[in-house]
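Peer 1: Take this structure, written in structure tokens, and hold onto it; I'll ask about it next.
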Amino acid sequence: MQNIRKKTKRSIQWVQSPHVSNTRAAAKSKELPLFLTPPIGVVGEDEDLSSSTISKYVGIHLFAEFWFCRIIEDPKKIKKILITAAKKSKNTPLKIIIHKFSPQGITGVVLLQESHIALHSWPEKNYLAIDIFTCGEKTISHKAIAYLKKVFKPKRVEIQKIKRGLLKY
């Protein structure tokens, strides 16, 4: 399986393609490889900006779509998962809200000192939406995604990355 990079001016979308295998080990183990993120910080020339302009951004916003994954409906488990995802990505959890829908589905949000992590499940569609917005030089958003992939074990993953608050100086 190979990660394919689609690029627009302000976002990078990573899609795991089930049609191409990038390593023999991944093909044998049938594991989905982690996506690779460009480093957070100074935006390079490949971002369609003048090489003479130094640009930074306020934060990174990741949108992940997990298809055909393990669905967890227990609010206590979701709370633990969100706290662990926050800590693994070097974020500071402040408050957590979990809402269980009837007959199925769950939404969980952890408010972070650095912003938020949210997840929303649609069991009837075999779908989980994840939203991670973080700021700060010490946060590592993709580690939260890596952890959530281990927990939910999706068969298909789509990730979009947006640089928020693009600053030019």
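Peer 1: Given (1) more than 26 Å from Arg164 (Cα to Cα); (2) in a helix (DSSP H, G or I); (3) out of contact with any Gly (no Cβ under 7 Å at 6 or more places or on another chain), identify the lone condition not met by Ile78.
Peer 2: Exception for Ile78: condition (3).
Peer 1: Kindly provide the set of residues from segment 112-134 that are of a type in the set (Phe, Trp, Tyr) and exposed (fewer than 15 other Cβ atoms within 10 Å of the Cβ), ordered by number. I'd like the intermediate steps shown before the answer.
Peer 2: Within segment 112-134, the subset of a type in the set (Phe, Trp, Tyr) is 122, 127, 133.
Of everything in segment 112-134, just one residue is of a type in the set (Phe, Trp, Tyr) and exposed (fewer than 15 other Cβ atoms within 10 Å of the Cβ), namely Trp122.
Peer 1: Name the residues in segment 135-155 that are at pLDDT 95 or above, over 11 Å from Lys88 (Cβ atoms) and buried (at least 17 other Cβ atoms within 10 Å of the Cβ), would you?
Peer 2: Lys149, Phe152, Pro154
Peer 1: To continue, here is another question. Are there any strands (runs of 3 or more DSSP E) wholly within segment 90-169 with 1 or more residues that are touching a Pro at 6+ places or on another chain (Cβ under 8 Å), and if so which?
Peer 2: 93-100, 106-112, 127-135, 156-164
Peer 1: Provide a single number: the residues in segment 84-102 that are free of Cβ contacts under 8 Å to residues at least 24 places away in the same chain, closer than 11 Å to Ile117 by Cβ and not basic (Lys, Arg).
Peer 2: Residues in segment 84-102 being free of Cβ contacts under 8 Å to residues at least 24 places away in the same chain, closer than 11 Å to Ile117 by Cβ and not basic (Lys, Arg): 2 in total.
The values are calculated or read from the model by the stated rules, or taken from the named source; none is laboratory data. The model shown is predicted, which means the values in this text are computed figures rather than measured ones. All Cβ positions, glycine included, derive from the backbone under ideal geometry; neighbour counts span all protein chains shown.
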